[in-house]
């Protein structure tokens, strides 16, 4: 049976954030709110937790995973970011964007795109997600919570609880969230390529 925390969407309770991070560090899978809907994540280097995420979402090895980061200062350890790309990131984070970069050796191979050796990077504009990342002190492996057979992200934490309470360690209720897919920008080859237009404004990139 998973834990279920009600965390204030604007002023997250520090006590609950600390408890959530302890569970993540213990290897638990967590469902948590972001600015693009609910996501499911775990500690970056925890292989068994990642396997559980893949089972829940029925993902194969070609899935593009994302590292959730607290700010751009963390990025250079995990992504090959040149000066132009860094300025783009600084001007557009936090926000509803996923940026694709070549991964550094700090990123576990199982999280990288197997052919391109890339990784998605996000700095979410959500107080709960940012508080968790700040307390954790490192990026968190993450992917949007789209359950098998569905085409959109889950938005109702009570419905998520009904379906996943025996399969994850923690579900965070941070409000009812609409479907707001991120805009995906590929910066891995030194040029700006828009892979998906979502809720993030593309005008800074065209």
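Checking each residue in segment 40-52 for being surrounded by 15 or more Cβ atoms within 10 Å (Cβ to Cβ) and either touching a helix residue (DSSP H, G or I) at 6+ places or on another chain (Cβ under 8 Å) or assigned to a helix (DSSP H, G or I) (or both) picks out 40, 41, 42, 43, 44, 49, 50, 52.
Within segment 53-77, the only residue that satisfies the criterion of being over 19 Å from residue 117 (Cβ atoms), assigned to a loop (DSSP other than H, G, I, E, B) and in contact with a helix residue (DSSP H, G or I) (Cβ under 6 Å, 6 or more places away or on another chain) is 70.
Is it the case that some residue within segment 160-178 is surrounded by 18 or more Cβ atoms within 10 Å (Cβ to Cβ), in a helix (DSSP H, G or I), on the phi < 0 side of the Ramachandran plot and in contact with a helix residue (DSSP H, G or I) (Cβ under 6 Å, 6 or more places away or on another chain)?
No: zero hits.
Across segment 16-38, the qualifying residues are those that are within 15 Å of residue 146 (Cα to Cα) and out of contact with any helix residue (DSSP H, G or I) (no Cβ under 8 Å at 6 or more places or on another chain), and the one among them that is surrounded by the fewest Cβ atoms within 10 Å (Cβ to Cβ) is 37. Spot the failing condition for residue 90; the list is (1) free of Cβ contacts under 8 Å to residues at least 24 places away in the same chain; (2) in contact with a strand residue (DSSP E or B) (Cβ under 9 Å, 6 or more places away or on another chain); (3) under 30 Å from residue 175 (Cα atoms), and only one is missed. For residue 90, the exception is condition (2).
Contact map, segment 146-174: first residue touching a residue at least 60 places away in the same chain (Cβ under 8 Å), second residue in a helix (DSSP H, G or I) and surrounded by fewer than 17 Cβ atoms within 10 Å (Cβ to Cβ), Cβ cut-off under 6 Å, separation 6 or more or different chains; pairs are 171/161. Candidates 131, 85: the one that is at pLDDT below 95, surrounded by fewer than 24 Cβ atoms within 10 Å (Cβ to Cβ) and part of a helix (DSSP H, G or I) is 85. If you go through segment 181-197 one residue at a time, how many are surrounded by 16 or more Cβ atoms within 10 Å (Cβ to Cβ) and within 28 Å of residue 157 (Cα to Cα)? The number of residues fulfilling the criteria is 4.
The values are calculated or read from the model by the stated rules, or taken from the named source; none is laboratory data. Note that the coordinates shown come from a computational prediction; the quantities given were computed from them, not determined experimentally. A quick note on method: Cβ atoms are made from the backbone with ideal geometry, for glycine too, and the neighbour counts reach across all protein chains shown.
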